[in-house]
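Input: a single structure, listed below in structure tokens.
The values are calculated or read from the model by the stated rules, or taken from the named source; none is laboratory data. All values reported here derive from a predicted model rather than from experimental measurement. Methodologically, a virtual Cβ is constructed for each residue, glycine included, from the backbone with ideal geometry; neighbour enumeration extends over all protein chains shown. Only protein heavy atoms, including side chains, enter the accessible area calculation; ligands, DNA and RNA are left aside. Shrake-Rupley method; radii C 1.70, N 1.55, O 1.52, S 1.80 Å.
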There are 2 protein chains.
Amino acid sequence: MSNSDFQQVTETATKPTQANPYGPNPADYLSNVNSFQLIDSTLREGEQFANAFFDTEKKIEIAKALDDFGVDYIELTSPVASEQSRSDCEAICKLGLKAKILTHIRCHMDDAKVAVETGVDGVDVVIGTSKFLRQYSHGKDMNYIAKSAIEVIEFVKSKGIEIRFSSEDSFRSDLVDLLNIYKTVDKIGVNRVGIADTVGCANPRQVYELMRTLKTVVSCDVECHFHNDTGCAIANAYTALEGGAKLIDVAVLGIGERNGITPLGGLMARMIVAAPEYVKSKYKLHKIRDIENLVAEAVEVNIPFNNPITGFCAFTHKAGIHAKAILANPSTYEILNPHDFGLKRYIHFANRLTGWNAIKSRVDQLNLCMTDDQIKDVTIKIKKLGDIRPLNIDDVDSIIKDFHTEVTTPLLKGLKDGKDEDVNAIDIEEPVSKKSKTA
Amino acid sequence: MSNSDFQQVTETATKPTQANPYGPNPADYLSNVNSFQLIDSTLREGEQFANAFFDTEKKIEIAKALDDFGVDYIELTSPVASEQSRSDCEAICKLGLKAKILTHIRCHMDDAKVAVETGVDGVDVVIGTSKFLRQYSHGKDMNYIAKSAIEVIEFVKSKGIEIRFSSEDSFRSDLVDLLNIYKTVDKIGVNRVGIADTVGCANPRQVYELMRTLKTVVSCDVECHFHNDTGCAIANAYTALEGGAKLIDVAVLGIGERNGITPLGGLMARMIVAAPEYVKSKYKLHKIRDIENLVAEAVEVNIPFNNPITGFCAFTHKAGIHAKAILANPSTYEILNPHDFGLKRYIHFANRLTGWNAIKSRVDQLNLCMTDDQIKDVTIKIKKLGDIRPLNIDDVDSIIKDFHTEVTTPLLKGLKDGKDEDVNAIDIEEPVSKKSKTA
């Protein structure tokens, strides 16, 4: 079903003048909901998405689009991953973007030495700290981790560029181990530490509690990275900001390992509700659709039908009771204003759940003059046909126009009077008998 | 890209014997994470999805599938919505399903009188309580709402069936108004009260706080309904259960008004992590894929590429560092076990981010015998080709087999020695010069 089947509604809402009731909780004195930053990892985490193969040209196109949108950082695949990864990293560093360019490496001097030569503004270092990763990935203990972290951090700092140290699989790591290593790297002066929910197991209150604890231990900024295996990546990111995190890792459409991470667009939906002025002034929200289309095409996926903001029905209202209120004031059933994203809202009135307010609005659009009682009558006819089969806009318009002709043509009106059951005689594609068959 | 391009991995993880560290927070003494119930609303909220048109046959097919899966309740469109809605409701009530059948009506005696005659096990009553809905939808004040609620509740109770009273747009309603009306309806004996985030504005900590407060006011069960406009519907549902909610409204794929509500499959992903024994014993998780396909086909949408559990890459691992650890122990990078859902995991090894452990696993699968050093050498060749263009499994197998032939054939080995640069001479579809063009 295309949007042309729907009726667009005119914006009539007035802007609220009072303080935002959905804004940061005043109890969260550490909250960065109004001052967060974005690290886009489409060209790192996103390259780990099953379908991703970005050539240099595509990487540059994506990096430029993200920069134009206004992300604060762009994170790139490790230059050690392959020779092409290294040269692409250098090429993007030379673009002169406003966004700072980062590359993401293992906690190894071998990797660090290559990374600092690429021209990046900063290096994101990661090492697994959970017992799973310590046993099955790198096989090192916390002392070894601390030792290599210090060596790599001091080396990167000596080159005058930013350095982040992140644990991997933070939510399955021992809390004391975690706090210990973060305290150590904070003391030697990292720009930020990272928390990573690498397997997507974290829930919002766990995230909040870990953030609050961590903020009592480190003075640097905290960056968060959430996988979406259990569908909580947006909520976890928001709750992390409430708890004092400053930076969130995102990817366009959330692409990454498995089903991905916090999506850029979805997080914008969340954040514009909480911090509308900050979000609208900092990011070019009307570019979200284009960026998502660019990346979706590059990795050969469709925009999910239920995507926040850009899903085909994200601003479509259907039930009669919803349509009525939306027509009176869009804020009734909308927390997001489609206009903020360069999009439009639709009332889906061609179905059996429709109501007479939605039909009245359509009658007005058709520039027909009918009384409320007449509109209620024609709505009954429309709902009856909608019970039999899916309707489109032309069906509804036909019924309305036929009915209008009847009630406004004295002769025809006289002829039709007293045989209201003729409603089923309108021209439909499927036989009316289907109704009795399925009843 | 189809899953046939990926390499399936054998399950080797052992079951944890200790208490679940991702389970309910012991501080949540009201938590229902281990005892929640599901109200599936695919045939009510889902019917309000833009693309939904379910005929009687399809409704019955969906209801039976949900019943087989194990949902506790199935909610149907109001019998007042249309004549067909009423007769479909009656037909589903007559199926004799294990799940209780509910219908969802406005807080009107007119609607209630029709609903109780359909044969349903319970009636879900809803009325808007936010200032938006009171002003632009029904235009009634809180006293009127209480009065009609009492009338409808007492009428439905007199018929001996279950009754739920829900506010609409609860998170934009006045807290005192809300608690007042819930306390009133609890006293006259509703089976449960409902909280509805009708516009999708709520965040997890708000949900938790409202639940905790509400549980001090009412003694009945609490049901929650979360829209997904800002991507938090799964996390909000989980956090509501932590705070004492008992029942969650879901729809298959989350279909509903706009971009929908908490999805059945996504919530299962969340809940199996927190309450594995409860979820696995109560619900037929291996049916999720079939139910999602059934509904997706009926409403003409695709399963989103990033859907929890059933997204095409939800259990696909790509980066070398991930693949290595997954091969050693799947729990390293997986919180969900694909086998619990009748699915399989894949290692995506045919790409430039691959590592030698993933290739070693493929070499073993091909039943070839190579030393670790040889595998590392062939991995370098594979990554070089992966830099130039997307790879498929046949590309990688060719490279491995060619290399294996070289190193195991003394004559060929002698001929090839000293000209390692020949790696680029393997048969590829695109000219090698593309590499220098994009470098």
Inset, instruction - Of the options A:Thr371, B:Tyr208, B:Pro330, report the single residue whose Cα projects farthest towards the positive end of the charge dipole of the protein assembly as shown (beta-carbon charges: Lys, Arg +1; Asp, Glu -1). - result: B:Tyr208
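About the Cα centre of segment A:281-337, what is the dipole size in debye to 20, counting +1 per Lys and Arg Cβ and -1 per Asp and Glu Cβ, all else neutral? Walk me through the intermediate numbers first.
On the way: 6 positive and 5 negative charges, 60 e Å.
Using Cβ point charges on Lys, Arg, Asp and Glu, segment A:281-337 gives about 280 debye.
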Inset, instruction - About the Cα centre of the protein assembly as shown, how large is the charge dipole given +1 on each Lys and Arg Cβ and -1 on each Asp and Glu Cβ? Please answer in debye to the nearest 20. - result: 1400 debye
Inset, instruction - Calculate the radius of gyration of the Cα atoms of chain B to one decimal place, then report Dmax, the largest Cα-Cα distance, as a whole number, both in Å. - result: 27.8, 95
Inset, instruction - Calculate how steeply helix A:175-187 sits against the longest principal axis of the alpha-carbon atoms of chain A, using the helix alpha-carbon long axis, and give the answer as 0 to 90 degrees to the nearest 10. - result: 70 degrees
Inset, instruction - Work out the FRET efficiency for A:Asn34 and B:Leu30 from their Cβ-Cβ distance, taking R0 = 25 Å, and round it to the nearest 0.05. - result: 0.20
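Skip the ligands, DNA and RNA, and give the accessible area per residue of chain B with a 1.4 Å probe, whole Å². Could the numbers behind the result be given before it?
On the way: 16450 Å² over 439 residues.
Averaged over the residues of chain B, the accessible area is 37 Å².
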Legend entry - Degrees between helix A:393-408 axis and first principal axis of chain A (Cα, 0 to 90, nearest 10): 30 degrees
Legend entry - Residue of B:Ala358, B:Ala202, B:Ala325 that the Gaussian network model of chain B assigns the largest fluctuation, springs spanning Cα pairs under 10 Å: B:Ala325
Inset, instruction - Could you go through segment A:55-72 in sequence order and give the Karplus-derived ³J(HN,Hα) for each residue, using 6.51 cos²θ - 1.76 cosθ + 1.60 with θ = phi - 60°, rounded to whole Hz, and x for Gly and Pro? - result: 7, 4, 4, 5, 4, 5, 4, 5, 4, 5, 5, 5, 5, 5, 4, x, 4, 7
Inset, instruction - Place a +1 charge on the Cβ of each Lys and Arg in segment A:324-414 and a -1 charge on the Cβ of each Asp and Glu, then give the dipole magnitude about the Cα centre in debye, rounded to the nearest 20. - result: 180 debye
Legend entry - Karplus-derived HN-Hα couplings along segment B:204-210 (A = 6.51, B = -1.76, C = 1.60, θ = phi - 60°), whole Hz, x at Gly and Pro: x, 6, 4, 4, 4, 5, 5
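At 25 °C and a viscosity of 0.890 mPa s, what translational diffusion coefficient does Stokes-Einstein give for segment A:316-408, taking Rh as the Kirkwood radius over Cα pairs? Give it in µm²/s as a whole number. Please list the in-between numbers first.
Working: Rh = 13.6 Å.
Diffusion coefficient, whole number: 180 µm²/s.
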Legend entry - Per-copy distances of the B:Phe155 label point, shortest first, in nm (7 angstrom along Cα→Cβ): 7.7
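If a/c stays under 1.5 just call it rounded; otherwise compare a/b with b/c (prolate if a/b is bigger, oblate if not). Do that for segment B:36-132, with a ≥ b ≥ c from the square roots of the Cα gyration tensor eigenvalues.
On the way: a/c = 1.42, a/b = 1.35, b/c = 1.05.
Rounded is the answer for segment B:36-132, as its axis ratio a/c remains below 1.5.
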Inset, instruction - Would you mind listing the distances between the A:Cys369 label point and the same position in each other copy? Use 7 Å along Cα-to-C-beta, nm, one decimal, shortest first. - result: 9.6
Legend entry - Rough spin-label spacing in nm, given labels placed 7 Å along Cα→Cβ, for B:Lys64 and A:Arg289: 4.2 nm
Inset, instruction - For A:Lys98, go 7 angstrom from Cα along the Cα-to-Cβ vector, then report the distances to that same point in the other copies in nm, smallest first. - result: 5.8
Legend entry - A:Asn180/A:Gln135 FRET efficiency (R0 22 Å; Cβ-Cβ; nearest 0.05): 0.70
Legend entry - Most positive-pole-ward Cα, A:His348, B:His348, A:Ile188, against dipole of the protein assembly as shown from beta carbon charges: A:Ile188
Inset, instruction - Give the residue from B:Ser87, B:Met109, B:Val71 lying farthest towards the positive end of the charge dipole for segment B:57-109; charges sit on Cβ (+1 for Lys and Arg, -1 for Asp and Glu) and the dipole is referred to the Cα centre. - result: B:Met109
Inset, instruction - Would you mind giving the total buried accessible surface between chains A and B, with a 1.4 Å probe and ligands, DNA and RNA left out, rounded to the nearest 100 Å²? - result: 8700 Å²
Inset, instruction - Quick one: Debye curve from the alpha-carbon atoms of the protein assembly as shown only, equal weights, vacuum; give me log10 I(q)/I(0) at q = 0.05, 0.08, 0.11 Å⁻¹ to two decimals. - result: -0.30, -0.74, -1.27
Legend entry - Table column - 3J(HN,Hα) (Hz), segment B:131-136, Karplus curve with 6.51, -1.76, 1.60, x for Gly and Pro: 4, 4, 6, 5, 7, 9
